[in-house]
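J.: Please find one structure pasted underneath; my questions will follow.
The values are calculated or read from the model by the stated rules, or taken from the named source; none is laboratory data. As the structure is a computational prediction, the values presented were derived from the model and not from experiment. Every residue, glycine as well, gets a Cβ built from its backbone with ideal geometry; the counts of neighbours run over all protein chains shown.
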Amino acid sequence: MFEKIKEFFKEEEKFPCIVWDGKMMKYLDLTQKQIDEINNDPKYEEWTATKKDEC
């Protein structure tokens, strides 16, 4: 039971990223799930997210 509660509060690893929305560049710390959403979701059509270490 304690392990389940511990997992609930566990924070996902965040990566420093550069996010380009077509007009502005932003420097954010995002989880891998958020990076994948920006790069693959049609509502973020003109957006790109690149991890800092991949630049």
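J.: Can E37 be described as at pLDDT 95 or above, assigned to a helix (DSSP H, G or I) and not aromatic (F, W, Y)?
T.: yes
J.: Which ones in segment 29-44 are surrounded by 12 or more Cβ atoms within 10 Å (Cβ to Cβ), closer than 18 Å to C55 by Cβ and touching a residue at least 12 places away in the same chain (Cβ under 8 Å)?
T.: Of everything in segment 29-44, those that are surrounded by 12 or more Cβ atoms within 10 Å (Cβ to Cβ), closer than 18 Å to C55 by Cβ and touching a residue at least 12 places away in the same chain (Cβ under 8 Å) turn out to be L30, Q32, Q34, I35, I38.
J.: Just name the residue that is modelled with the lowest pLDDT out of those in segment 1-27 that are under 19 Å from E45 (Cα atoms) and in contact with an Asp or Glu (Cβ under 8 Å, 6 or more places away or on another chain).
T.: Ranking the candidates gives G22 first.
J.: Specify which of the listed residues (K43, K26) is out of contact with any Ser or Thr (no Cβ under 6 Å at 6 or more places or on another chain) and not in a helix (DSSP H, G or I). Break it down into steps so the answer makes sense when it comes.
T.: On the way: K43 fails: not in a helix (DSSP H, G or I).
Step by step, each of K43, K26 is checked, and only K26 is out of contact with any Ser or Thr (no Cβ under 6 Å at 6 or more places or on another chain) and not in a helix (DSSP H, G or I).
J.: T48 fails exactly one of the following numbered conditions: (1) touching a residue at least 24 places away in the same chain (Cβ under 8 Å); (2) within 8 Å of the chain's Cα centre (by Cα). What is the number of that condition?
T.: Of the numbered conditions (1) touching a residue at least 24 places away in the same chain (Cβ under 8 Å); (2) within 8 Å of the chain's Cα centre (by Cα), the odd one out for T48 is (2).
J.: Scan segment 46-55 residue by residue and report those that are surrounded by 12 or more Cβ atoms within 10 Å (Cβ to Cβ) and part of a loop (DSSP other than H, G, I, E, B).
T.: Within segment 46-55, just W47 meets the criteria.
J.: Find all pairs meeting these conditions: Cβ atoms under 6 angstrom apart; at least six residues apart or on different chains; first residue within segment 1-28 and surrounded by 10 or more Cβ atoms within 10 Å (Cβ to Cβ); second residue charged (D, E, K, R) and part of a strand (DSSP E or B).
T.: Within 6 Å, the pairs are K14/D29; F15/K51; P16/D29; C17/K51; V19/K26.
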